[in-house]
Each structure stands twice: as structure tokens, then as C-alpha cells.
Amino acid sequence: MNFSRSLIKWYGHNKRELPWRNTRDAYKIWISEIILQQTKVKFGLKYYLKFLQKFPTIYVLSDAKENEVLKVWEGLGYYSRARNLHYTSKFIVNNLNGKFPNTYLEILNLKGIGPYTAAAISSFAFKLPFAVLDGNVIRLLSRYFGIKVPFDNLRGKKLFQQLSQELLNDNDPDLHNQAIMEFGALICKPKLPKCDICHFNNLCYAFNYNLVKKLPVKQKKIKIKKRYINYLIIENNNFCFVKKRNEGIWRGLYEFPKIETEDSLSVPNSKDFSKYLKNKCSIIRHSDIIIHKLSHQHIFAKFWHIQSNVNQLESCIKVRFNKLSNYPFSTLILNYLKDNY
DNA sequence: TATCCGTGGTG
DNA sequence: TCACCAAGGAT
């Protein structure tokens with residue numbers, strides 16, 4: 001039995017029951033694949049169920065407001081996925097008569113869909129012979145074949161993609177792709193892989209040469225920036241002010257007006273405050289420093305509660321405290337609101 | 001092409 | 001505690 005057949009047989013006996021595996025509906029498969037990008041299955045599952053409940057068809061999604069889509073996505077991270085999903089739903093409804101494209105290249109051309117997702121949808125929804133290459137596949141191939149080429153550069157990616165495609169079972173590309181990813185997720189794991197019960201250990205290069213912990217090889221290291229942000233919760237009776245982010249991290253989400261400083265979180269000086277508060281105001285209290293860690297930056301945040309009589313703020317909207325939950329916020333702000341209101 | 005984009009789990 | 005990583009893609 002060849003590599004692919006063995007994987008598919010293992011998959012048949014060991015797979016997890018997941019809702020997107022019981023459908024050929026390209027819309028549902030698309031949603032699941034976008035949600036699962038850089039996201040653990042267990043975490044993404046609840047968002048998948050919530051998303052399809054709220055947006056059961058591509059038409060419902062295309063009719064929604066961006067705020068609604070981001071609200072459902074709230075807490076999941078990588079919010080451009082939600083914005084692109086929304087954009088592409090409109091594109092398909094308006095230009096493709098609501099019919100999800102059924103060729104690899106057409107799918108690949110959709111916004112938010114790259115090589116991995118195009119191969120996944122092509123194979124799962126249409127049984128087209130395109131091999132997926134994700135973190136699971138890279139790890140498995142790297143170990144099994146003893147590939148020491150770093151995967152996080154163009155040469156490495158091409159090498160792994162080609163190998164992945166060569167191994168593909170053209171008769172069952174859908175099962176093959178599911179199986180190889182599931183095997184990577186459950187057996188050939190990043191840490192403490194289950195080599196003792198692995199069907200392939202006798203033929204696995206890394207296992208035989210004690211290189212399991214060294215493979216795959218990653219070249220680059222990420223650099224982490226530090227940022228210092230004071231959020232101003234400006235209260236006027238039952239109202240406060242928020243504004244929509246238009247760039248950078250958390251684009252499309254809402255936040256309180258803020259004062260960002262360079263080196264540390266000092267008390268904002270009166271000049272900074274007066275930019276926002278021309279009328280009388282008083283600081284009621286402030287939070288401790290909250291450290292919010294993201295993949296590329298550590299944010300040191302402080303929330304300032306300010307009593308004021310201002311009725312409008314530039315580029316801000318005025319929102320009742322009990323209506324804040326209608327707007328999408330970052331997890332950083334969400335956690336703070338949850339603990340303090 | 002290097003960097004940016006989130007959050008939570010893991011050992 | 002902390003570095004690493006997850007069904008990656010856009011710019």
C-alpha cells in the first residue's frame with residue numbers, strides 16, 4: 001500500500017468528526033477554511049457554527065454590514081479574513097450569480113484565498129487534484145523525508161509544494177488532503193509527536209536519525225515591538241465615545257480614543273488630554289497596566305476613566321455603555337469591558 | 001521579499 | 001515563564 005493509501009486508511013479509523021467534513025457545499029467549506037487559517041480546530045469550531053448560523057448562505061453574508069461580520073468574528077483574530085470573506089461574498093453574488101467558482105485558478109483569484117485554501121476548496125468541494133500545503137503537511141514531509149531546507153522562504157515552499165503534489169492521490173484528492181493534515185495534527189505534532197504509534201516510523205528519516213525535534217527547519221525569527229497605549233473611556237452620563245480603526249492591527253474594529261506614547265506608559269500630560277477634552281473633565285480612576293501579547297507586538301495598555309460633559313468628539317461616535325456590545329472590539333478591550341462593566 | 005496581521009494552546 | 005506554533009494571505 002502506498003503512502004497516500006496508508007494515510008487514507010488511517011484517517012478512516014482515526015478522524016475527528018467535524019461539521020465541514022460532512023458537506024460538499026463550497027460556501028460552507030470556504031467559511032471553514034478561512035476560519036481555520038492559523039487557527040486551531042478546537043478554537044475555530046465554535047466560530048464556524050456561529051458564523052453559519054448568522055450567515056447560512058452566501059446571499060445572507062453579502063447582504064450583511066461589515067460590522068455584523070466583524071462582530072461574529074470578534075475574538076478570533078486576523079480580522080482581514082472576515083473583511084475579505086465579506087468582500088468576496090459580494091463579488092460572487094454580484095459578478096458570478098452567487099455561484100461559487102469551481103476551478104482552481106478562479107478560486108485562487110478570490111480575495112483572501114491563497115494556494116492552500118484554493119487547493120483545499122478545490123479538492124473538498126470539487127474533488128480536483130490539488131495538494132494542500134499547510135503547517136501540518138510541511139512538518140510531516142520534512143520529517144518523513146528528512147528535508148532540512150527551511151520552509152519559510154520561496155525555495156523551501158516550492159520544494160514542499162512540489163513534493164506534496166507528487167504524493168497526492170489523484171483518485172481521492174479530498175480524502176488524501178484531509179488525511180495528511182489530520183495525521184499531522186494528531187500524530188506528527190510539533191511537540192511530543194506520537195512516534196511510538198506512528199505507522200510510518202520505520203520509514204521516517206527523522207525518526208531513524210533522531211531529528212524529529214529538529215525538523216522542520218525555520219529560518220526567520222519574528223521581532224516583537226513594544227507599544228504603549230492609553231485608552232480614554234470618556235463618560236458622559238450613560239454614554240462614551242468610540243471610533244473605528246482604519247489601519248494596522250484590528251482594522252475595522254472599534255476602540256476608545258487613545259494616546260500612544262513612545263517609551264513607557266506615563267500619565268498622559270494635560271496637553272494630550274486637552275486634545276480630546278476641551279471642556280471640563282476629571283479623571284475618575286485608571287486601570288493597572290495590562291499587557292496584551294500579539295504575535296508581532298506586546299501592547300502595554302492603561303484604561304483611563306474620565307468624567308466629562310463633552311457631547312461630541314472628532315471622528316468618534318457616541319455610544320451608550322449598554323450598547324457597546326453592538327460593536328466589534330479587540331480582545332484587549334473586550335476583556336477590560338467584561339471585567340469592569 | 002520581508003513584514004504585518006490575533007489569539008490561545010503547549011511543553 | 002516564554003518561545004513556538006496553528007487547515008496562511010496580503011502588501
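The table that follows gives values for the structure above.
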read-out	value
Exposure proxy ranking, count of Cβ atoms within 10 Å, fewest first, for A:181, A:1	A:1, A:181
Cα-Cα over 20 Å, subset of A:223/A:293; A:244/A:323; A:9/A:157; A:42/A:127; A:9/A:50; A:40/A:223	A:9/A:157; A:42/A:127; A:9/A:50; A:40/A:223
Dipole in debye (nearest 20) - the stretch A:1-149, about Cα centre, beta carbon charges: Lys, Arg +1; Asp, Glu -1	520
In the stretch A:119-227, chymotrypsin sites (Phe, Trp or Tyr not before Pro) in a DSSP loop with at most 12 other beta-carbon atoms within 10 Å	A:209
Most positive-pole-ward Cα, A:13, A:82, A:45, against dipole of the stretch A:1-124 from beta carbon charges	A:13
Whole-angstrom gap from the stretch A:244-261 to the stretch A:278-341, using each part's C-alpha centre	11
Sorted peptide list for A:163-169, A:81-87, A:286-292, criterion being average Cβ within 10 angstrom, highest first	A:81-87, A:163-169, A:286-292
Likely footprinting exposure, A:23, A:117, fewest C-beta neighbours within 10 Å first	A:23, A:117
Signed unit charges on C-beta, dipole axis of chain A, positive-most listed residue A:115, A:91, A:341	A:341
At most 10 other Cβ within 10 Å, DSSP loop - trypsin sites (Lys or Arg not before Pro), the stretch A:12-77	A:40, A:65
Shape parameters for the stretch A:59-148, alpha-carbon atoms, Rg then Dmax in Å	15.9, 49
Rounded to the nearest 20 debye, dipole of chain A from Cβ charges on Lys, Arg, Asp, Glu	640
Shape of the stretch A:80-231, Cα gyration tensor, a/c cut at 1.5	oblate
Cα pair count fraction exceeding 19 Å, expressed as % - the stretch A:225-340	44
Helix A:41-54 vs. chain A, principal-axis angle (Cα, 0 to 90°, nearest 10)	70
Chain A: calculated mean residue ellipticity at 222 nm from DSSP helix runs of at least 4, using -39500 (n - 2.57)	-12500 deg cm²/dmol
Dipole magnitude (debye, nearest 20) for the stretch A:225-340, charges at Cβ of Lys, Arg, Asp, Glu	220
Counted charge near residue A:51, where neighbours are those whose Cβ lies closer than 13 Å (Asp, Glu -1; Lys, Arg +1)	+3
Surrounding net charge for residue A:72, when Lys and Arg each add one and Asp and Glu each subtract one, Cβ distance under 9 Å	+1
Ranked A:282, A:80, criterion: other C-beta atoms within 10 Å, fewest first	A:282, A:80
Cα-only Debye scattering, chain A: base-10 log of I(q)/I(0) at q = 0.09, 0.11 Å⁻¹	-0.62, -0.85
Length-normalised contact order of chain A in % [C-alpha pairs under 8 Å, at least 6 apart]	16
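Coordinate-derived values only; no laboratory data. Computed from a predicted model, the values in this text were never measured in an experiment. Backbone-built Cβ (ideal geometry, glycine too); neighbour counts: all protein chains shown.
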